[in-house]
Amino acid sequence: MKHLRGALDMLARARLSPALARAGAEAGASYRAAAAWAAARGATVYGLTTFPGHLADRAERPDPARFCADLLASHAIGAPPWFSARETRAITLAKVHAAAPGATLLTEATYNAIVAAFHDPAFAPEIPRHASYSSGDVIAGAHWARALLAHSPEGVGLAPGEPMALINGAFVHVGAAMALVAPLREAWLAYLEAARRSLRHLDAHIALPACEAPKWMRASVAHLFSTGAANTAQRRVQPPVSVRALPQSIDAAAWAVQGYLSAIDRALAEPSGNPLWTTLELRPSGSFVAPGLSLAAGGLIDSLLMLAWLCVRRIEHFVSARAGGAAPVDQAFALVQAPKLALAHLERMRRAHAARVFVSGGAVSEGVEDFWTHGLEVNDALRLALEDLQRLVALERAIGLSLERSYPARDPEAPLEGLFPV
């Protein structure tokens with residue numbers, strides 16, 4: 001995942017790598033080659049010599065200056081809520097990645113304007129969070145593009161084809177996904193630590209899987225069961241399935257995490273727009289749609305729902321074990337409503353995040369746009385699911401701390417390093 005690791009490092013430092021910072025020359029050379037190819041053949045090229053969408057077949061060609069103003073004005077029609085400043089920085093970085101290979105019809109001057117915007121902490125455009133079904137996030141992209149043009153003190157005089165190239169591509173979707181990596185990491189580590197505390201109070205002497213998996217996945221499972229001796233109010237012949245199958249469940253969720261991060265990594269590695277310059281000719285492209293990223297996010301949400309269910313079951317086991325054990329009645333009574341609160345959180349998650357990705361479809365723009373992925377909406381559902389899971393984890397952790405006051409457990413130190421892939 002070298003592309004994602006590098007991107008996360010650049011986000012943390014708010015500084016592009018030298019290779020990306022100076023890729024404008026390559027982008028400019030590609031633009032000139034593409035424009036010369038189209039001119040030599042008198043070719044009709046979408047966005048370069050045509051209007052957008054279902055207007056592409058109009059016989060007259062757009063006036064470049066007016067087309068730019070009209071395109072941005074007609075597409076920047078979103079409304080709040082906006083993406084956060086942290087998310088918009090990731091979106092800008094995703095645009096840099098999409099344009100750096102020099103395939104997306106952006107000149108050197110425009111590319112360098114994007115670089116300057118990324119390096120400016122004050123660049124935080126208002127980009128609508130809910131304005132796309134992700135067949136290219138052009139409405140959100142137009143808001144970003146208008147802010148980019150306003151950001152340049154000298155102004156950016158866009159060349160033919162650049163207005164469409166600026167707003168096109170999957171960069172809003174990819175950037176929004178990249179911005180979720182940090183919350184995902186926080187939720188994953190918090191879940192492992194809360195579950196680890198809980199397992200000290202359940203009969204967790206169970207067999208661990210011996211299958212091959214990346215090191216961070218094996219370390220995550222090992223972390224769960226690196227506790228001291230269990231302190232249970234009562235022991236069973238064997239613990240319930242939700243406890244016995246926790247290693248397999250964590251393993252499954254870890255593969256979903258890996259798949260989501262890998263999908264972002266692949267998206268960062270590819271140019272994104274329409275059309276694309278292939279070094280030989282301009283070709284129509286569908287690279288502004290990222291179905292793999294949407295599907296990976298949907299699978300990850302399913303995994304979070306699974307982890308949340310297991311969290312609720314552990315909380316119920318705590319309370320039932322304590323009520324039937326040796327704890328004083330007032331201590332057992334203090335937790336009596338905890339399972340109800342936990343289940344309320346879980347049911348809210350299930351209702352909110354049950355429908356994802358390809359639950360609907362149709363066609364717009366007179367049938368031209370007839371496939372989409374709901375990518376931004378699935379990303380937003382993932383963001384909210386992570387927040388919901390953190391609420392459940394906080395409840396489990398609080399109950400675990402309460403139990404420790406009555407049933408102290410020996411718990412060796414267990415650092416969290418190496419339990420997440422990036």
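Couple of notes before you dig in:
- Residue match in segment 142-158 (condition: touching a Pro at 6+ places or on another chain (Cβ under 8 Å), among the charged types (D, E, K, R), surrounded by fewer than 21 Cβ atoms within 10 Å (Cβ to Cβ) and assigned to a helix (DSSP H, G or I)): yes
- In segment 273-301, the qualifying residues are those that are over 30 Å from Glu387 (Cα atoms) and among the hydroxyl-bearing types (Ser, Thr, Tyr), and the one that is surrounded by the fewest Cβ atoms within 10 Å (Cβ to Cβ) is Thr279.
- Verdict on Leu48 being under 32 Å from the mean Cα position of the chain (by Cα), at pLDDT 95 or above and not acidic (Asp, Glu): no
- Answer from Ala233, Ala194, Ala190 - the residue that is more than 30 Å from Ser272 (Cα to Cα), small (Gly, Ala, Ser) and at pLDDT below 90: Ala233
- Check on Arg185, of a type in the set (Lys, Arg) and outside the structural domain of Ala76 (by TED's automatic domain parsing): yes
- Residue tally, condition in a loop (DSSP other than H, G, I, E, B) and either of a type in the set (Ser, Thr, Tyr) or modelled with pLDDT under 80 (or both), over segment 369-422: 10
- Figure legend. Inter-residue proximity from segment 255-273: first residues touching a residue at least 40 places away in the same chain (Cβ under 8 Å), second residues of a type in the set (Val, Ile, Thr) and in a loop (DSSP other than H, G, I, E, B), beta-carbon distance below 8 Å, spacing 6+ or different chains. Indicated pairs: Leu261/Val422; Pro271/Thr104; Ser272/Thr104; Gly273/Thr104.
The values are calculated or read from the model by the stated rules, or taken from the named source; none is laboratory data. The structure displayed is predicted, hence computed values, not measured ones. Glycine gets a Cβ as well: all are built from the backbone with ideal geometry, and neighbour counts include every protein chain shown.
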